[in-house]
Amino acid sequence: MTTSRRHKSKDQALLISVAESIGSTLGAIAAKADAAADAAKEVFSGSEVASTVKRESKKLVRKSKRASGKLKKSKPVRAARRTIRKATKRAAGRRKRAKK
(Lines give C-alpha, C1' and ligand atoms only; values in the text may rest on other atoms or scores of the structure.)
Protein backbone atom coordinates (compact mmCIF):
# COMPACT_ATOMS: atom_id res chain seq x y z
CA MET A 1 0.00 0.00 0.00
CA THR A 2 2.80 2.40 0.66
CA THR A 3 3.94 2.19 -2.95
CA SER A 4 0.60 3.39 -4.20
CA ARG A 5 0.76 6.35 -1.84
CA ARG A 6 4.17 7.28 -3.12
CA HIS A 7 2.91 6.89 -6.65
CA LYS A 8 0.01 9.25 -5.95
CA SER A 9 2.32 11.82 -4.44
CA LYS A 10 4.53 11.69 -7.54
CA ASP A 11 1.48 12.13 -9.75
CA GLN A 12 0.27 14.95 -7.55
CA ALA A 13 3.62 16.74 -7.75
CA LEU A 14 3.63 16.33 -11.51
CA LEU A 15 0.09 17.71 -11.78
CA ILE A 16 0.99 20.67 -9.60
CA SER A 17 4.05 21.36 -11.73
CA VAL A 18 2.02 21.18 -14.96
CA ALA A 19 -0.70 23.41 -13.49
CA GLU A 20 1.86 26.00 -12.42
CA SER A 21 3.48 26.09 -15.84
CA ILE A 22 0.08 26.39 -17.56
CA GLY A 23 -0.90 29.18 -15.16
CA SER A 24 2.30 31.13 -15.74
CA THR A 25 1.96 30.73 -19.52
CA LEU A 26 -1.64 31.94 -19.46
CA GLY A 27 -0.62 34.88 -17.29
CA ALA A 28 2.10 35.87 -19.74
CA ILE A 29 -0.32 35.62 -22.67
CA ALA A 30 -2.90 37.72 -20.82
CA ALA A 31 -0.31 40.38 -20.03
CA LYS A 32 0.77 40.55 -23.70
CA ALA A 33 -2.86 40.77 -24.84
CA ASP A 34 -3.53 43.57 -22.36
CA ALA A 35 -0.46 45.49 -23.53
CA ALA A 36 -1.51 45.04 -27.17
CA ALA A 37 -5.02 46.28 -26.38
CA ASP A 38 -3.61 49.39 -24.68
CA ALA A 39 -1.33 50.08 -27.65
CA ALA A 40 -4.20 49.62 -30.11
CA LYS A 41 -6.40 51.97 -28.08
CA GLU A 42 -3.69 54.65 -28.23
CA VAL A 43 -3.20 54.23 -31.97
CA PHE A 44 -6.88 54.24 -32.89
CA SER A 45 -7.96 57.02 -30.55
CA GLY A 46 -5.71 59.49 -32.37
CA SER A 47 -4.56 62.85 -31.19
CA GLU A 48 -6.64 65.80 -30.05
CA VAL A 49 -5.86 67.61 -33.29
CA ALA A 50 -7.24 64.76 -35.39
CA SER A 51 -10.47 64.63 -33.40
CA THR A 52 -10.87 68.41 -33.72
CA VAL A 53 -10.37 68.26 -37.48
CA LYS A 54 -12.86 65.41 -37.76
CA ARG A 55 -15.46 67.29 -35.71
CA GLU A 56 -15.06 70.50 -37.71
CA SER A 57 -15.27 68.63 -41.01
CA LYS A 58 -18.54 67.02 -39.90
CA LYS A 59 -19.91 70.48 -39.08
CA LEU A 60 -18.88 71.72 -42.51
CA VAL A 61 -20.55 68.77 -44.25
CA ARG A 62 -23.78 69.39 -42.32
CA LYS A 63 -23.76 73.06 -43.30
CA SER A 64 -23.14 72.30 -46.96
CA LYS A 65 -25.91 69.68 -47.04
CA ARG A 66 -28.31 72.14 -45.45
CA ALA A 67 -27.38 74.84 -47.96
CA SER A 68 -27.70 72.51 -50.95
CA GLY A 69 -31.10 71.34 -49.69
CA LYS A 70 -32.30 74.93 -49.51
CA LEU A 71 -30.88 75.62 -52.95
CA LYS A 72 -32.64 72.62 -54.50
CA LYS A 73 -35.98 73.91 -53.22
CA SER A 74 -35.49 77.50 -54.43
CA LYS A 75 -37.83 78.82 -57.12
CA PRO A 76 -35.24 79.52 -59.87
CA VAL A 77 -33.67 76.08 -59.50
CA ARG A 78 -37.05 74.35 -59.72
CA ALA A 79 -37.89 76.38 -62.83
CA ALA A 80 -34.57 75.47 -64.45
CA ARG A 81 -35.14 71.80 -63.71
CA ARG A 82 -38.62 71.99 -65.23
CA THR A 83 -37.20 73.61 -68.37
CA ILE A 84 -34.49 70.97 -68.69
CA ARG A 85 -37.02 68.18 -68.27
CA LYS A 86 -39.23 69.63 -71.00
CA ALA A 87 -36.28 70.08 -73.34
CA THR A 88 -35.11 66.49 -72.89
CA LYS A 89 -38.64 65.19 -73.50
CA ARG A 90 -38.88 67.29 -76.70
CA ALA A 91 -35.49 66.02 -77.91
CA ALA A 92 -36.43 62.41 -77.18
CA GLY A 93 -39.68 62.85 -79.11
CA ARG A 94 -37.83 64.34 -82.09
CA ARG A 95 -35.39 61.43 -82.14
CA LYS A 96 -38.26 58.96 -81.96
CA ARG A 97 -40.10 60.65 -84.86
CA ALA A 98 -36.90 60.87 -86.91
CA LYS A 99 -36.35 57.11 -86.65
CA LYS A 100 -39.79 56.36 -88.12
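The values are calculated or read from the model by the stated rules, or taken from the named source; none is laboratory data. Quantities reported herein were computed from a predicted structural model and do not represent experimental measurements. Positions of Cβ are backbone-derived with ideal geometry, glycine not excepted, and every protein chain shown enters the neighbour counts. Accessible surface areas use protein heavy atoms only, side chains included; no ligands, DNA or RNA. Shrake-Rupley method; radii C 1.70, N 1.55, O 1.52, S 1.80 Å.
Give me the dipole magnitude in Debye, nearest 20, for the chain about the Cα centre, with unit charges on the beta carbon: positive for Lys and Arg, negative for Asp and Glu. Show your work: numbers first, answer last.
Numbers: 31 positive and 7 negative charges, 699 e Å.
For this selection, approximately 3360 debye.
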Expressed as a whole percentage, what fraction of the accessible surface of the chain belongs to carbon and sulfur atoms when a 1.4 Å probe is rolled over the protein heavy atoms?
-> 62 percent
Considering the values (1) 20; (2) 71; (3) 28, which represents percent of Cα pairs over 24 Å apart as calculated for the structure under consideration?
-> (2)
Accessible area expressed per residue, the chain, with surrounding protein chains retained (probe 1.4 Å, Å²) = 95 Å²
Helix 2-45 sits off the longest principal axis of the Cα atoms of the chain, rounded to the nearest 10 on a 0 to 90 degree scale, by 30 degrees
Largest fluctuation, A36, A87, A28 only, Gaussian network model of the chain with Cα springs under 10 angstrom, belongs to A87
Pairs of lysines in the stretch 47-100 (C-alpha under 25 Å apart; 8 or more residues apart or interchain) = 26
Distance in nm between L26 and S64 label points, each 7 Å along Cα→Cβ, equals 5.4 nm
Taking the chain as the reference, fit the longest principal axis to its C-alpha atoms, fit the long axis of helix 48-73 to the helix C-alpha atoms, and give the angle between the two in degrees, 0 to 90, nearest 10.
-> 30 degrees
